[in-house]
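The values are calculated or read from the model by the stated rules, or taken from the named source; none is laboratory data. Given the structure is predicted, the values throughout are model-derived calculations rather than measurements. Positions of Cβ are generated from backbone atoms using ideal geometry, with glycine treated the same way; all protein chains shown enter the neighbour counts.
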Amino acid sequence: MDQPNIILIILDTLRKDVLPMYGGNAYTPNLSEFAKDAVVFQNAIAPAPWTLPSHASFFTGLYPREHGIYDDCDEQDYRKLLNKINDYNGKNLIKDLKNKGYNTLGFSANPVISSYSGFDKYFNLFISYPADYVSVEVSELFKKLHIYGNNKNKIELAMDILSNEGFRALKNYYDIYKKFKRNQKIAGFPYNKQSDNIVNNIIESSFEQPFFMFINFMEVH
């Protein structure tokens, strides 16, 4: 029997409760149609509340306490975390499939799931797609600031500190960047999270079969 191609698609941070097949109101015609003939799990529970340990569990079948990739994401612990990923040599779906003759392919718009974090290990091909997360994160920051009222003075104070403490070039760059992004928003440009590029690259390419293809989309993040 021929080995089937396998595609694992992660819709990063997509909430179950918004999807129609789980009683939500989101308009997802393609997913809804797909779900009619698919196995829909009613009690699927994420192994962890953030990216790295969840993906490590996807690929190992282990709980975070078993694979050990679960440290808090401060600067020091994050380096330790990356070392754990690079040093891990236990059970691994990608390695197992590669040993069974699969061409292992990875496409990720998530900067955490990339060659930088060591997640390209055992993939024959792994491509990371840098997205415009600066504007996304800044937008989210301003939303949070508005919750606490007018923080304009606090923001101006922070900018003043940055300028006086030797970060003037960074502050000036951000002023230019902010104007550029404002013009894009006025023109109706959406934030580019690279899904179109990923899909187009896959469609335009041919891959040796059988293949295992992992894709991480960030559009709903």
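Descriptive notes on the structure:
- Pairs, first more than 19 Å from residue 52 (Cβ to Cβ) in the stretch 78-104, second charged (D, E, K, R) and assigned to a loop (DSSP other than H, G, I, E, B), C-beta under 6 Å, six or more apart: 103/208
- Put simply, of 10, 6, 85 the only residue that is more than 20 Å from residue 219 (Cα to Cα) and surrounded by 15 or more Cβ atoms within 10 Å (Cβ to Cβ) is 85.
- Number of residues in the stretch 99-150 that are over 27 Å from residue 80 (Cβ atoms) and either modelled with pLDDT of 85 or more or in contact with a Gly (Cβ under 9 Å, 6 or more places away or on another chain) (or both): the value is 9.
- The set of residues from the stretch 28-49 being of a type in the set (Phe, Trp, Tyr) and in a helix (DSSP H, G or I) comprises just one member, 34.
- Scope the stretch 36-67; condition crowded, with 18+ Cβ neighbours inside 10 Å, of a type in the set (Gly, Ala, Ser) and in contact (Cβ under 8 Å) with a residue 12 or more places away in the chain; matching residues: 56
- The single condition from (1) in contact with a strand residue (DSSP E or B) (Cβ under 8 Å, 6 or more places away or on another chain); (2) at pLDDT 90 or above that residue 220 fails is (2).
- Residue pairs meeting the criteria (Cβ under 8 Å; at least 6 apart or on separate chains; first at positive phi, in the stretch 4-27; second of a type in the set (Val, Ile, Thr)): 13/220
- Contacts under 8 angstrom Cβ, first residue in the stretch 192-221 being acidic (Asp, Glu), partner at pLDDT below 90 and surrounded by 13 or more Cβ atoms within 10 Å (Cβ to Cβ), 6 or more apart: 219/193; 219/195
- Taking the stretch 1-27 as the range and being within 28 Å of residue 101 (Cβ to Cβ) and either charged (D, E, K, R) or in a strand (DSSP E or B) (or both) as the test, the residues that pass are 2, 6, 7, 8, 9, 10.
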